[in-house]
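Quick notes on the structure that follows.
The values are calculated or read from the model by the stated rules, or taken from the named source; none is laboratory data. The structure displayed is predicted, hence computed values, not measured ones. Note that we place each Cβ from the backbone using ideal geometry, even for glycine, and neighbour counts take in every protein chain shown. Just the protein is used for accessible areas: all its heavy atoms, side chains included, with ligands, DNA and RNA removed. Shrake-Rupley method; radii C 1.70, N 1.55, O 1.52, S 1.80 Å.
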Amino acid sequence: MILHPAIIALYLSSFISVALLIYSSSFAAMILRKWDIGSGSELQLSLERRTYLISVILSYLFFFQFLSLFLFIYTADNLHNLFTGSMCAAGTLNVNQYGYPVLVLKIVNFILAGVWLIINRIDISAHDYPLIKNKYSLLLFVAPLMIAESALQTAYFMGLNADVITSCCGSLFSSDSTNITSEIASLPSLQAKAVFYISMTLTLAAGIVLCYKNKGGLLFSILSLLSFVISVAALISFISLYYYELPTHHCPFCILQSEYGYAGYYLYLTLLCGVVTGIGAGIAGRFSNIKSLAPVILVIQKKLIIASLLSYGIFTAIVTLKMILSDFILEGY
Amino acid sequence: MNSRIEIQRNILDFTLSSLLRRKTKNAVLMVVFTIVVFMLASIIFFTNAVKREAVAVLQNSPDIVVQRLSAGRHDLIPADYIKTITDMKGVVSVKGRHWGYYFEPAASANFTLVVPDDGGEEGRIVAGKGVSRTMRAGDGDILPLKSYKGEWVVLSIKGVLKSDSELVSSDLIEISEKDFRKIFGIPKDRFTDLSVTVRNPKETLTIAKKIKDSFPDTRPILRSEVLRTYDSLFNWRSGLLLIIAAGAVLAFIIFAFDRASGLSAEERREIGILKAIGWETSDVIAFKFWEGLVISLSSFMAGIILAYFHVFVAYAPLFEPVLKGWAVLYPEFRLVPFIDPFQIATLFFLTVLPYTAATIIPSWRSAVVDPDQIMRSQ
Amino acid sequence: MRRPDRFLFYIGANIFIIAVMFIHSFAATRNIEQVFAKKIELVKRYGLTDLCIFTEARYTRHPSQADLNTPFQDYPLSFEHFPSGSIISPPEHLRLGMKNE
Amino acid sequence: MISVVDVRKVFNAGKANEYIALDGVQLDIEKGRITVIKGPSGSGKTTLLSVIGCMARPSSGRIRLSGVSVEGIPDDEGYVETTSLPERFLTQIRRKTFGFIFQQYNLVAGMTVIENVMLPAYPTGEAYSAVRNRAEDLLKIFGLYSRLDAKVQWLSGGESQRVSIVRALINNPSGIIADEPTAHLDTKLSSEFMNIIESLNREGRTIIIASHDPVVCESSVIHRVVEMRDGKVIR
């Protein structure tokens, strides 16, 4: 166990998040059972008031989750000195079996919290709160995931024993070993590039169709999620190489370091922004047949689509520019 | 969109006027908050800067230091070990080192005496800045040291190390090998320890194992271990310090929670009025959000800025008593300001986040008063 | 100027100072070799292994060279009584109880 | 403008201290008229005002408002049914439709006259300068322009009352709701207040006053008196 200030900070944040979530979940359960918008009973009034609290809590959680995602990666990165053989976050996360699951859960929970806020935003713009049940069911779905994240994170930090020999990004993300990440790394770069650009183009096309024809909401959601996954894979497979200018270095974490101008942050930021708004836009589309939402839903959906496409666009633009401007030549390796 | 910004501006306007109307109460809260942030930030800035500097500077320390242990204590290492180790494959060179501590009774200070690579110049020494300060002796002055036999060895100071290297050299005295042996009575065939240079850094561990096998009474210390010692030098304890400081943070959070939940009758009435004249619950929540933000953001930033000045401009005067301990010789080192966004993020998590969490529920509670309450309670 | 604008101005000024802090820090640490040239030279010359932060006791002056039992060597029953001993942790190779023994 | 159909309001329903504040109230309030609700204290006047003014939701019954439009709320034949709307939307309707004048003035001490007047407009998102101009104009009309930057706690009772009237008007509502507005005023100021009410009514505003003050109830400017007792309209 290591008592690093950032680890204490992460413990604190996950503890607070879980406490707030459990608090809100109990009300979510009550809202699912007792909600009756037509009633003027005191119970209904007090439930309505609780909804404000839960919106506030979720907004804060979303923000905390966002910060803790990056703080977590940073902490892993910062601790790499303590583990023989680890040179960046990739190695530290590999010290025990909990590292990567925590990271994945953090990302998933961030996306879910973002989607919840989008649904909430849509819901409160209609006078009869038509999505209230969906919203609170989703909350009850998110809560166990957050608790799991917090538990795994605790297990991860508790299990950090310095001087464990770990594999560093060199072996984890190199094309020689055989696991899923290394398979991504060993993808031929031309094909990987083709897949990346095709997925971005498809997402763009689906977004435009959804915007003008109001069709294919689900497709757009799926595509934006897929684009997120493919982009992360692309980061490992070929984008990172242009930053490191090394044909064998495939690490998705080293680009977060200051040597590479913290480039990772704005890349991941645009991706996260793109996936949250993209999924949100698709979900918004599914509610367009609800009468009370009709006047507002299309406006919100349009904004979300634009935000999503803009984020992915910026990501693609940065990456493409980097590849064009860099004198590093990848093909041939 | 513009109107949404305008709403927030208006609410912020009201927030600020509300804070100003209760100046003393809020000022106390902000001062306490600032002090908490300042304390934590100073600890984090200081320990991190020391660590980073140690790692940068000690990259050049010996690959392996070989100590000899006898009855669980460091012992002088015989010179014939050198030959065996030099012959090992992968070893570039082995040097016997002389260094030790000298207690100066007049000033009751501890000095570290070291012999340089080239053996030094007999009768003349180079003093660290701290030594020169403690002994009030400068360039050209005489510094007599007492030998193990009680005789005075008179040494003249040929130079004083510059103060910008004080973090490594404050208590050092560079002395010649001859004078060193004369003062401590160390036989010709004994050294304090050995420093081993290795050809390929990847083989360091193998060579250390070989040394250990050949001489079971030795203990090789690798440079990577020295670096890691410094990397985690304060980790454990600064974590501990943070936990102690957490007591302060906790007390502050309780204070903040209490303040947020124990609204004065006057504040309660004001929120009632706001709701009655057409503020919505979420507007009042926004007002409370801004109130928390104004307090926490201003205190947070002020705390960080003050801590930066404290640690890197004033050189941590508040830590001096702790670091100095019983030592007479206190190195006046100037830390190089290593800061990064994540220290700020960590601090944010440790201070603003619990504060915010503590005020969410109270502020919501105050925001959901019935709008018609103000009419009913007359 | 309305109150919110004055507040934002104040926050802006704070952010500016923090930005200056970061620039100051960046400028001061950009070229580590050069900044630490003097110290690195001394470390090489004397083969130093430790920083001179705590001069009060042997094991705090050279933490990386110390033993776990150094604090007690002066007298077998003594407690660790130097304040700095409670701030720093023991050397890594002893603390973790591993390696080349 | 407002129709109240069989409205009940019960506090602490189902508990020992259950209290029926409104018991099947049936009432229509005409647009552009001055209506006074009269009755002893505890008769449910204030509760009726708060239910009509979208401050509280009735336990049962319906309230329909005409001539209001809020984004996201359906409008059936020119009426908006406010009974089952969440607080968020009620508040939006309320601040567009009604200005409130309270017995205790309810000004925020420590703030200036102009700030107090502008407070109801803060969450509407209207441009600050526009609101400020309107506030200054209104204060001129009510002879308070010279006290613009005075803190409200330094005002006299009559001045405070006028400030609270100006505050009720800042969002230019079509209705004014006043709860015992003359309770703290002497006869002279009370009749002055009724003159102001008359002038506001002449601008086309619907006015609802709850009061048992004879200066109000017997004033010549009012159009209708509704009498209440024990949560019921008796006349």
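Hey, any hits in the range B:32-52 for a residue that's hydroxyl-bearing (Ser, Thr, Tyr) and open to solvent by less than 20 Å² (accessible area, probe 1.4 Å)? Checked against the condition, which is being hydroxyl-bearing (Ser, Thr, Tyr) and open to solvent by less than 20 Å² (accessible area, probe 1.4 Å), the range B:32-52 yields at least one hit. Taking the condition of a type in the set (S, T, N, Q), without any contact (Cβ under 8 Å) to a residue 24 or more places away in the chain and in the same structural domain as residue A:56 (by TED's automatic domain parsing), does residue A:161 pass? When the stated conditions are applied, residue A:161 does not pass them. Looking only at the range D:1-54, which residues are in contact (Cβ under 8 Å) with a residue 12 or more places away in the chain and charged (D, E, K, R)? Passing the criteria: D:6, D:8, D:9, D:23, D:28, D:30, D:31, D:33, D:38, D:45.
Across the range A:26-50, the qualifying residues are those that are buried (at least 18 other Cβ atoms within 10 Å of the Cβ) and in contact (Cβ under 8 Å) with a residue 60 or more places away in the chain, and the one among them that is nearest to the other protein chains (Cβ to nearest Cβ) is A:31. Looking across the range A:117-154, the residues that are open to solvent by 50 Å² or more (accessible area, probe 1.4 Å), under 26 Å from residue A:96 (Cα atoms) and free of Cβ contacts under 8 Å to residues at least 60 places away in the same chain come down to A:144, A:151. Would you check if residue B:173 is away from every other protein chain (no Cβ under 14 Å) and open to solvent by less than 10 Å² (accessible area, probe 1.4 Å)? Against the criterion (away from every other protein chain (no Cβ under 14 Å) and open to solvent by less than 10 Å² (accessible area, probe 1.4 Å)), residue B:173 does not qualify. The residue pairs whose first member lies in the range B:1-18 and is within 9 Å of chain D (Cβ to nearest Cβ) and free of Cβ contacts under 8 Å to residues at least 40 places away in the same chain, whose second member is crowded, with 19+ Cβ neighbours inside 10 Å and assigned to a helix (DSSP H, G or I), and whose beta carbons are closer than 6 Å, counting only pairs six or more residues apart or on different chains, are B:9/C:4; B:10/D:122; B:13/C:4. In the range B:262-296, of all residues being among the small types (Gly, Ala, Ser) and within 14 Å of chain D (Cβ to nearest Cβ), the one that is surrounded by the most Cβ atoms within 10 Å (Cβ to Cβ) corresponds to B:278. Can you tell me which residue within the range A:78-116, out of those that are touching a Ser or Thr at 6+ places or on another chain (Cβ under 7 Å) and within 11 Å of chain B (Cβ to nearest Cβ), is surrounded by the most Cβ atoms within 10 Å (Cβ to Cβ)? Applying the filter and picking the extreme gives A:79. Exactly one residue among B:351, B:356 is modelled with pLDDT of 80 or more, among the polar types (S, T, N, Q), over 30 Å from residue D:95 (Cβ atoms) and not assigned by TED's automatic domain parsing to the domain that holds residue B:106, and that residue is B:351. Here residue A:286 passes the criteria (1) open to solvent by less than 30 Å² (accessible area, probe 1.4 Å); (2) at pLDDT below 85 except the one numbered (1).
Taking the options A:272, A:298, A:325, A:304, name whichever one is touching a helix residue (DSSP H, G or I) at 6+ places or on another chain (Cβ under 8 Å) and more than 22 Å from residue A:253 (Cβ to Cβ).
Details: A:272 fails: more than 22 Å from residue A:253 (Cβ to Cβ); A:298 fails: touching a helix residue (DSSP H, G or I) at 6+ places or on another chain (Cβ under 8 Å); A:325 fails: touching a helix residue (DSSP H, G or I) at 6+ places or on another chain (Cβ under 8 Å).
Result: A:304 is the single residue among A:272, A:298, A:325, A:304 that is touching a helix residue (DSSP H, G or I) at 6+ places or on another chain (Cβ under 8 Å) and more than 22 Å from residue A:253 (Cβ to Cβ).
When residue A:261 is tested against the conditions (1) free of Cβ contacts under 8 Å to residues at least 60 places away in the same chain; (2) open to solvent by 80 Å² or more (accessible area, probe 1.4 Å); (3) at positive phi, the lone failure is (2). Of the set (1) facing another protein chain (nearest Cβ under 7 Å); (2) modelled with pLDDT of 85 or more; (3) crowded, with 23+ Cβ neighbours inside 10 Å; (4) within 30 Å of the chain's Cα centre (by Cα), all apply to residue B:193 but (1).
Checking each residue in the range C:25-70 for being modelled with pLDDT of 80 or more, out of contact with any helix residue (DSSP H, G or I) (no Cβ under 8 Å at 6 or more places or on another chain), facing another protein chain (nearest Cβ under 7 Å) and open to solvent by 60 Å² or more (accessible area, probe 1.4 Å) picks out only C:45. Selection of the range B:136-158 for residues being open to solvent by 10 Å² or more (accessible area, probe 1.4 Å) and closer than 18 Å to residue B:119 by Cβ yields B:153, B:156, B:158. None of A:53, A:67 is out of contact with any Ser or Thr (no Cβ under 7 Å at 6 or more places or on another chain), facing another protein chain (nearest Cβ under 7 Å), open to solvent by less than 10 Å² (accessible area, probe 1.4 Å) and not in a loop (DSSP other than H, G, I, E, B) except A:53.
Cβ separations smaller than 6 Å between residues 6+ apart or across chains give the following pairs from the range B:307-326 residues that are over 15 Å from residue C:52 (Cα atoms) and within 8 Å of chain C (Cβ to nearest Cβ) to residues that are part of a helix (DSSP H, G or I) and open to solvent by less than 60 Å² (accessible area, probe 1.4 Å): B:308/C:21.
Quick grid of which residues meet (1) free of Cβ contacts under 8 Å to residues at least 12 places away in the same chain; (2) crowded, with 20+ Cβ neighbours inside 10 Å; (3) over 21 Å from the mean Cα position of the chain (by Cα):
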position	(1), (2), (3)
B:26	no, no, yes
B:29	no, yes, yes
B:55	no, no, no
B:60	yes, no, yes
B:90	no, no, yes
B:104	no, no, yes
B:127	no, yes, yes
B:131	no, yes, yes
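Do we find a residue being at pLDDT 80 or above, touching a Lys or Arg at 6+ places or on another chain (Cβ under 9 Å) and either open to solvent by 30 Å² or more (accessible area, probe 1.4 Å) or within 30 Å of residue A:81 (Cβ to Cβ) (or both) anywhere in the range B:297-318? Walk me through it before giving the result.
The first filter runs over the range B:297-318 and keeps only residues at pLDDT 80 or above, leaving B:297-318.
Subset that is touching a Lys or Arg at 6+ places or on another chain (Cβ under 9 Å): B:312, B:315.
This time we only want the ones that are either open to solvent by 30 Å² or more (accessible area, probe 1.4 Å) or within 30 Å of residue A:81 (Cβ to Cβ) (or both), so: B:312, B:315.
Within the range B:297-318 (the criterion being at pLDDT 80 or above, touching a Lys or Arg at 6+ places or on another chain (Cβ under 9 Å) and either open to solvent by 30 Å² or more (accessible area, probe 1.4 Å) or within 30 Å of residue A:81 (Cβ to Cβ) (or both)), the answer is yes, since at least one residue qualifies.
For the range B:205-230, a tally of residues being crowded, with 20+ Cβ neighbours inside 10 Å, assigned to a helix (DSSP H, G or I) and of a type outside the set (A, V, I, L, M, F, W, C) returns 5. For residue B:370, the criteria (1) within 14 Å of chain D (Cβ to nearest Cβ); (2) open to solvent by less than 20 Å² (accessible area, probe 1.4 Å); (3) in a loop (DSSP other than H, G, I, E, B) hold in every case but one, which is (2).
Of everything in the range D:166-199, what is assigned to a loop (DSSP other than H, G, I, E, B) and under 22 Å from residue D:52 (Cα atoms)? Give them in sequence order. Before the answer, list the steps.
Here is the first cut: in the range D:166-199, the residues assigned to a loop (DSSP other than H, G, I, E, B) are D:170-174, D:180-186.
Within the range D:166-199, D:170, D:171, D:172, D:173, D:174, D:180, D:181, D:182, D:183 meet the criteria.
Within the range B:94-124, count every residue that is at pLDDT below 90, farther than 20 Å from residue C:50 by Cβ and not acidic (Asp, Glu). Total satisfying the criteria: 8. Out of D:130, D:121, D:135, one residue alone is within 27 Å of residue B:19 (Cβ to Cβ), surrounded by fewer than 17 Cβ atoms within 10 Å (Cβ to Cβ) and without any contact (Cβ under 8 Å) to a residue 60 or more places away in the chain. It is D:130.
All of (1) in contact (Cβ under 8 Å) with a residue 60 or more places away in the chain; (2) surrounded by 19 or more Cβ atoms within 10 Å (Cβ to Cβ) hold for residue A:11 with one exception: (2).
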